[in-house]
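Here's the structure, in structure tokens; my notes come after.
The values are calculated or read from the model by the stated rules, or taken from the named source; none is laboratory data. For clarity, every value in this text was computed on a predicted model and none was experimentally measured. Here the Cβ is made from the backbone with ideal geometry for all residues, glycine too, and neighbour counts use every protein chain on show. Side chains included, ligands, DNA and RNA excluded: accessible areas come from the protein's heavy atoms. Shrake-Rupley method; radii C 1.70, N 1.55, O 1.52, S 1.80 Å.
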Amino acid sequence: MRAASEGLGVYTDLNPKLMTGICMVSARRLSDRVTTMQDAHLVARRLQQRGWKLGLVGPYTIVLTSGDWHATLAVSDIPDQYWVPELAPYRGVFVAVATGKCGRR
């Protein structure tokens with residue numbers, strides 16, 4: 001997910017905020033520009049080059065699968081009503097979440 005979203009903004013791994021043992025990859029990229037579905041499609045194409053299969057495509061999200069894993073890509077602007085100092089320089093956000101089976105087979 002990190003490599004596929006390269007160039008879309010500042011990367012933050014959200015996994016440390018999750019409970020131990022949860023089989024999930026969760027990350028965001030904050031951008032100084034408004035992110036669009038064009039950005040989500042770029043990431044989806046990069047993931048498809050790595051073997052992910054395209055699933056549902058919605059107005060703000062894209063779903064992909066790879067084996068037992070499911071990923072959702074989403075983009076949004078950052079509305080003024082959600083402004084906080086941490087987000088001050090940013091105008092858009094890209095979020096990627098993937099869940100699947102973990103452990104040995």
All positions within region 36-81 that are part of a strand (DSSP E or B) and touching a residue at least 40 places away in the same chain (Cβ under 8 Å) | Ala71, Val75, Ser76, Asp77
Check Val84, Val10, Val57 and return the single one that is among the β-branched types (Val, Ile, Thr) and at pLDDT 90 or above.
-> Val57
Selection status of Pro89, at pLDDT below 90 and assigned to a helix (DSSP H, G or I) | no
Could you please find all residues in region 46-58 being surrounded by 13 or more Cβ atoms within 10 Å (Cβ to Cβ), of a type outside the set (A, V, I, L, M) and over 13 Å from Leu8 (Cβ atoms)?
-> Gln48, Trp52, Gly55
Out of region 41-62, which residues are over 12 Å from the mean Cα position of the chain (by Cα) and of a type outside the set (A, V, I, L, M)?
-> Arg45, Arg46, Gln48, Gln49, Arg50, Gly51, Trp52, Lys53, Gly55, Gly58, Pro59
Identify, from the list Thr65, Thr72, Thr35, the residue that is modelled with pLDDT under 95, surrounded by 14 or more Cβ atoms within 10 Å (Cβ to Cβ) and within 14 Å of the chain's Cα centre (by Cα).
-> Thr35
Taking the stated definitions as given, is Ala98 aliphatic (A, V, I, L, M), open to solvent by less than 50 Å² (accessible area, probe 1.4 Å) and closer than 22 Å to Asp13 by Cβ?
-> yes
